[in-house]
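Trainee: Sharing a structure, written as structure tokens. Questions coming.
Where a number appears in this text, it was derived from the coordinates with a stated rule and is not lab data. Note that this is a predicted model, so its numbers are computed, not measured. Cβ: placed from backbone, ideal geometry, glycine included. Neighbour counts: every protein chain shown.
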Amino acid sequence: MAENPAYPVGLRLTGRRVVVLGGGQVAQRRLPALIAAGADIVLVSPEATPSVEAMADAGEITWERRPYADGDLANAWYALIATTDPEANTAASAEAEAHRVWCVRSDDADQATAWTPATGHSEGVTVAVLTTDARGRDPRHTAAIRDAVVAGLRDGTLVAPHHRTRTPGVALVGGGPGDPDLITVRGRRLLAEADVVIADRLGPRDLLAELPPHVEVIDAAKIPYGRYMAQEAINNALIEHAKQGKSVVRLKGGDPFVYGRGMEEVQALAEAGIPCTVVPGISSSISVPGAAGIPVTHRGVAHEFTVVSGHVAPDDERSLVDWPSLAKLTGTLVVLMGVDKIGKIAETLIAHGKPADTPVALVQEGTTAAQRRVDATLATVGETVRTEDVKPPAVIVIGAVVTVGPEALA
């Protein structure tokens, strides 16, 4: 065994022959990265896991269904030896050495000419961690280091300065239902890189406290509207800061395109010639019921769920919701922005055939420390909201699924 440390290098395998011996769990874990690298992969193995077989069926790899034979590594640039036959592994390793093919062995790292690092990716950066030599190699330790570095890059806690000028623009980031841990890793990274953050009231407020002091945080609710409507003022603020060459994040609650008026902002930015990146978020319509122990679908109970806005009453001429049709559905109905209109909504659903004893759950401040759940029925929900003093934001779930969750059974 060599005393010197391994020399790290990145292999460019596009279009180059790579031979994988063995179709088990090791191959299943390593093949996706080789496929992503564009390698011309030949798998030699009598059997394979269902996932590996699916790769062959999809044409991502060529599968020769037989044991290893001398000569299989001819013209290969790289080999992964991972069979359950020690003799075949030793023979293949010797062939690799003879033909000067870099070779990884899953059963004996000491006899390999290459080691596979613990790798991770974050926005165009590959992080690879190797131990210095084979003595005392601990894959869990290298994986933990890899995970810590990648997590830091993704969530912005490990920030590497950009030495090239960043392209100014706007990122429309869905912040999720409220818990700061429920923002996507991409959203959190963009937030950490922002010069300006224009935040909604329903966005994850705790994340704003983590921003560096130089970041300008603007409360969208406090933008001076003047002669503009609120949305127009927000659009103008996004455009103004982006035109100053700044990286702008529009932080919204939930998902930008689920009652978030996100497309209006995208359209305004496009008209102004401002590049915009949309980062989807976890919608409160699904996550908040889940956090309260309510599945929006459940086998044998609900085969569909419908999400509607309750910000205008059913008898309001501005309403675009077909409430009579919704009353006839047998699945789950999730109402957003409907706390002050739920009494009228319930009356309308009952009037069009929905049973008055249909279970209803109201989840206030879902996924946050202030979360609380209040249960009722369609017949009682209007009064319950008043007596229990339910306040927005709250997600309202209507249907039999309300009674199947663990909290309902407790």
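Trainee: Taking every DSSP beta bridge that has both residues in the chain, what percent is antiparallel when rounded to the nearest 5?
Mentor: 35
Trainee: Oh, and also: Order by neighbour count: Ile41, Ile81, fewest other Cβ atoms within 10 Å first, most last. Before the final figure, lay out each step's value.
Mentor: Numbers: Ile41 24, Ile81 27.
Fewest to most other Cβ atoms nearby, the residues stand as Ile41, Ile81.
Trainee: At 10 °C and 1.306 mPa s, grab the translational diffusion coefficient of the chain from Stokes-Einstein with a Kirkwood Rh over Cα pairs, rounded to a whole number in µm² per second.
Mentor: Stokes-Einstein gives a translational diffusion coefficient of 62 µm²/s.
Trainee: Within straight cross-link reach of Lys222, meaning Cα distance under 16 Å, which lysines are found once same-chain residues fewer than 8 apart are removed?
Mentor: Once the sequence-local lysines are set aside, what remains near Lys222 is Lys252.
Trainee: Find which of Ala327, Ala79, Pro406 sits farthest along the positive direction of the dipole of the chain, computed with +1 on the beta-carbon of Lys and Arg, -1 on that of Asp and Glu, about the Cα centre.
Mentor: The listed residue farthest towards the positive side: Ala327.
Trainee: Take Val20, Val385, Val296 and order them by how many other Cβ atoms sit within 10 Å, fewest up front.
Mentor: Val296, Val385, Val20
Trainee: Can you give me the convex hull volume of the Cα atoms of the range 1-116, divided per residue and expressed in Å³?
Mentor: Convex hull volume per residue, Cα atoms: 95 Å³.
Trainee: To continue, here is another question. Ranking Val150, Val248 by Cβ neighbours within 10 Å, fewest first, what do you get? Mind dumping the intermediate values first?
Mentor: Working: Val150 21, Val248 28.
Ordered by Cβ neighbours within 10 Å, fewest first: Val150, Val248.
Trainee: Still on this model: Straight-line reach only, C-alpha to C-alpha below 21 angstrom: list the lysines that Lys344 could link to, leaving out same-chain residues fewer than 8 apart.
Mentor: Lys328, Lys354, Lys391
Trainee: Could you check which residue among Gly176, Gly71, Gly22 shows the biggest mean-square fluctuation in a GNM of the chain with a 10 Å Cα cutoff?
Mentor: Residue with maximal mean-square fluctuation among Gly176, Gly71, Gly22: Gly71.
Trainee: Can you find, among Ile286, His214, Leu269, the residue farthest towards the positive end of the dipole of the range 185-299? Put +1 on the C-beta of Lys and Arg, -1 on that of Asp and Glu.
Mentor: Ranked along the dipole, the leading option is Ile286.
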